[in-house]
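Novice: Dropping a structure here in structure tokens format, bear with me for questions.
The values are calculated or read from the model by the stated rules, or taken from the named source; none is laboratory data. Quantities reported herein were computed from a predicted structural model and do not represent experimental measurements. Neighbour counts are summed over all protein chains in view; Cβ atoms, including those assigned to glycine, are modelled from backbone coordinates with ideal geometry.
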Amino acid sequence: MAKLSSPSRRKTSAIQSMAYTAIAGCLSLIVIFPLLWVIATSLKDRRQIIQNPLGLPEVYYWSNYADAWQEGNFGTYFINSILVVIPTALGVVVLSLLAAYAFAMFRFRGKNALFTFFLIGLTVPLGILIIPIFYQMASLKLVNNLWALILPQTAVGLPFAILLLRGFIQELPKEILDAGRIDGCSNWGILRFIVMPLSRPALLSVMIFNIVWVWNQFLLPVVLIQKASARTLPQGLSVFMGRYGADFGLLMAGATISFIPVVIVYVIFQRQFIKGIAAGALSGI
Amino acid sequence: MPARSLFSQSALPPPASILRWPKEVSPVLFIVPALVVYSGFFIYPLVKLLELSLYKWDGILARKFIGLRHYQKLLGDERFWEALSHNFYWMIAAIIVPVLFGLLLAILLSRSSMYGSIIFRTIFFMPQVFSSVTVALIWQWIYNPSYGAINVFLTSIGLEQLTQGWLGDSALVLPALFIAWSWVHYGFTMIIFIAAIDAVDEVFFDAAKVDGANLWQQFRHILLPSIRGALTTIILVTAISSFQIFDLVYVLTRGGPGDASMVVPVYMLESAFTLRRVGYGATVAIAMGLVIVGFSVLFLALRGVYKDEN
């Protein structure tokens, strides 16, 4: 934004700017065209799809949505996904904030060893642990239970969240923390009334990254959830996809149902999304 | 209540009282909840994975200790090596295609005088928030042999001979899957590049322009050296995440046709749960883990080096 007013920027002509905008507009079709085409397909019946696969629907066939919603059980899947995402994201944020606070602010015996212990989690992806996790959940009688998704995803989300929050808390201005200490705040009070409010941007990044990651997680439910009533949205969508493989109007209605809410939330919170995902994706998981 | 001086950050060394019981115990208590969950549901499965790989087990009946025999078997398993080679092809393509495209977009959005760059950034990043199953569904439709956008388009412009059964063709299935994956991943590289490019001081570009540097020279001698740290990060993160490719392949082809798109994570699941060779599946997982851990350690080490630039 500041750059726009720099001398070199002012000299570029409007024609040049328009040309660049046109290039970006053409490239953005890579994203926009598939989405619009999916939506167009979802509004056609079988005859229109076969006769005119690429064009806009001549008659809008809204019943695909009602059918997909019913046949696909998307209502149940949405609720299950929400029931997994909320405790996982909250669990990661709360547990990692507590741990990061201790790692950032205190000296204690074994601190470096403990921190290194958490860093192991940054190098091993969740996917390769799916086999032992399945047998662990089987012995805990948690297969087909949403906790089978919540517990491992909370655990695997912790290392990066701790690393990120520890870095953030270490950068907080010492004067404010010292002031809190002089005012007689306990460790808990400093965390609650000083560190937590000041760390809000970092906490938000951690939260959003985990929400997106858990919402989209597919491998874990595929292995751990076999009961239809406990499926999450991506898993339910893949089952739906297998069952109605040839009914494209219905399938694309299902696809649209799955991405429209995400797109709406993303567009509203896009700044936080981009920050959170970029920060989280750097963890490599 | 005595003043607590447990802060490691204070300029003075902490007083000796820090090691006395009531005060020393409190910071560790903050870590205990995270430690319990992390140990119970991450470290425990990790140890269990190593253990499982030493046993022959069908997942139901009694298991039998066989030492390192699964590892021996893995070395001679052609299906595993073929799957692993697919992962490596995928990874090499991944550190070229979405990285270059992301860089191109980042330069366009961040360095050019275009209008509405925030809006375009929002659009370009959007696929990144979709679940991979949604992406799979979209691309299955695009690749559909009869009514899919690609074949219908090729037919309509008279290039009918180029139409293909994309996902059903053993020579094309991997590139086709890769394109669907890239459709998501470039958004990530773009965002990191934009952050890195925005951090470069405008003064350098102005100086270069005064000296008569053309666009290529500005890119080569100013932009590229300035974003080297980001580039290292992007390449390693892309390598790590692309090596774990699972969702798209599992949903769209399950490794088929034949083993043409078989990748190690799909092979791992097939061994452990479809073929009921749990110990062998665990061994496959460990082999994959070793590659990823190698890259991750390299990444963490280099990230320490380039810390300021990220």
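Novice: How many residues does region A:166-188 hold that are touching a Phe, Trp or Tyr at 6+ places or on another chain (Cβ under 8 Å) and aliphatic (A, V, I, L, M)?
Specialist: Here the count works out to 2.
Novice: Could you list all residues from region B:225-240 that are within 10 Å of chain A (Cβ to nearest Cβ) and without any contact (Cβ under 8 Å) to a residue 60 or more places away in the chain?
Specialist: B:240 - this is the single residue of region B:225-240 that is within 10 Å of chain A (Cβ to nearest Cβ) and without any contact (Cβ under 8 Å) to a residue 60 or more places away in the chain.
Novice: Answer yes if at least one residue in region A:126-143 is within 19 Å of the chain's Cα centre (by Cα), within 15 Å of residue A:230 (Cα to Cα) and surrounded by fewer than 24 Cβ atoms within 10 Å (Cβ to Cβ), and no otherwise. Step through it out loud before you land on a result.
Specialist: Restricting attention to region A:126-143, the residues satisfying the condition of being within 19 Å of the chain's Cα centre (by Cα) are A:126-127.
Retained after the next criterion (residues that are within 15 Å of residue A:230 (Cα to Cα)): none.
No, region A:126-143 contains no residue that is within 19 Å of the chain's Cα centre (by Cα), within 15 Å of residue A:230 (Cα to Cα) and surrounded by fewer than 24 Cβ atoms within 10 Å (Cβ to Cβ).
Novice: With respect to the numbered conditions (1) farther than 24 Å from residue A:23 by Cβ; (2) at pLDDT 90 or above, which one is the sole condition not fulfilled by residue B:186?
Specialist: Exception for residue B:186: condition (1).
Novice: Quick test for you: out of B:265, B:257, pick the one residue that is touching a residue at least 12 places away in the same chain (Cβ under 8 Å), surrounded by 23 or more Cβ atoms within 10 Å (Cβ to Cβ) and of a type outside the set (S, T, N, Q). If you could, list the steps in order and put the result at the bottom.
Specialist: Values: B:257 fails: surrounded by 23 or more Cβ atoms within 10 Å (Cβ to Cβ).
None of the others qualify; the one that does is B:265.
Novice: Here is a follow-up. Find all pairs meeting these conditions: Cβ atoms under 6 angstrom apart; at least six residues apart or on different chains; first residue within region B:28-55 and more than 7 Å from chain A (Cβ to nearest Cβ) and of a type outside the set (Gly, Ala, Ser); second residue buried (at least 22 other Cβ atoms within 10 Å of the Cβ) and assigned to a helix (DSSP H, G or I).
Specialist: Taking only residues 6 or more apart or on different chains, the pairs are B:55/B:279.
Novice: In region B:210-235, which residues are over 23 Å from the mean Cα position of the chain (by Cα) and either charged (D, E, K, R) or closer than 24 Å to residue B:264 by Cα (or both)?
Specialist: B:211, B:220
Novice: When the residues of region B:31-83 are filtered to those that are on the phi < 0 side of the Ramachandran plot and among the small types (Gly, Ala, Ser), which remaining residue is surrounded by the most Cβ atoms within 10 Å (Cβ to Cβ)?
Specialist: Our first condition is that a residue be on the phi < 0 side of the Ramachandran plot; within region B:31-83, this holds for B:31-58, B:60-66, B:68-83.
Going one step further and asking which of them are among the small types (Gly, Ala, Ser), we end up with B:34, B:39-40, B:53, B:62, B:76, B:83.
Numbers: B:34: 28, B:39: 15, B:40: 14, B:53: 25, B:62: 7, B:76: 8, B:83: 23.
Once the filter is applied, the top-ranked residue is B:34.
Novice: Can I ask one more? For region A:192-247, how many residues meet the condition of being of a type outside the set (S, T, N, Q) and closer than 24 Å to residue A:274 by Cβ?
Specialist: Qualifying residue count, region A:192-247: 20.
Results for (1) assigned to a helix (DSSP H, G or I); (2) at pLDDT 95 or above, shown as yes or no for each residue.
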position	(1), (2)
B:216	yes, no
B:225	yes, no
B:230	yes, no
B:234	yes, no
B:255	no, no
B:258	no, no
B:266	yes, yes
B:286	yes, yes
B:296	yes, no
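Novice: Something else about it: For region B:236-247, how many residues are part of a helix (DSSP H, G or I) and under 11 Å from the mean Cα position of the chain (by Cα)? Step through it out loud before you land on a result.
Specialist: Let us first name the residues in region B:236-247 that are part of a helix (DSSP H, G or I), namely B:236-243, B:247.
Those still in the list that are under 11 Å from the mean Cα position of the chain (by Cα) too: B:236-243.
Within region B:236-247, residues that are part of a helix (DSSP H, G or I) and under 11 Å from the mean Cα position of the chain (by Cα) number 8.
Novice: Further question: Among residues belonging to region A:1-52 that are part of a loop (DSSP other than H, G, I, E, B) and within 30 Å of residue B:111 (Cβ to Cβ), point out the one that is modelled with the highest pLDDT. Full working, then the answer.
Specialist: Of region A:1-52, the ones part of a loop (DSSP other than H, G, I, E, B) are A:1-2, A:6, A:12-13, A:43-45, A:52.
This time we only want the ones that are within 30 Å of residue B:111 (Cβ to Cβ), so: A:1-2, A:6, A:12-13.
Details: A:1: 42, A:2: 43, A:6: 47, A:12: 61, A:13: 81.
Within region A:1-52, the match that is modelled with the highest pLDDT is A:13.
Novice: What single numbered condition from (1) farther than 27 Å from residue B:118 by Cβ; (2) more than 10 Å from every other protein chain (Cβ to nearest Cβ); (3) of a type outside the set (D, E, K, R); (4) under 26 Å from the mean Cα position of the chain (by Cα) fails to hold for residue B:250?
Specialist: Residue B:250 satisfies every listed condition except (2).
Novice: Please work out which residue is nearest to the chain's Cα centre (by Cα), limiting yourself to region A:182-210 and to residues that are more than 10 Å from chain B (Cβ to nearest Cβ) and among the aromatic types (Phe, Trp, Tyr).
Specialist: Filtering first and then ranking leaves A:209.
Novice: Condition first: free of Cβ contacts under 8 Å to residues at least 40 places away in the same chain and surrounded by fewer than 22 Cβ atoms within 10 Å (Cβ to Cβ). Now tell me which residues in region A:91-114 satisfy that.
Specialist: Within region A:91-114, A:94, A:107, A:108, A:109, A:110, A:111, A:112, A:113, A:114 meet the criteria.
Novice: Okay, next question. Among the residues of region B:33-82, which ones are in contact with a strand residue (DSSP E or B) (Cβ under 7 Å, 6 or more places away or on another chain), assigned to a loop (DSSP other than H, G, I, E, B) and at pLDDT below 95?
Specialist: Across region B:33-82, the qualifying residues are B:63, B:66.
Novice: Please give the number of the condition residue B:270 fails out of (1) in contact (Cβ under 8 Å) with a residue 12 or more places away in the chain; (2) surrounded by fewer than 17 Cβ atoms within 10 Å (Cβ to Cβ); (3) of a type in the set (Asp, Glu).
Specialist: For residue B:270, the failing item is (2).
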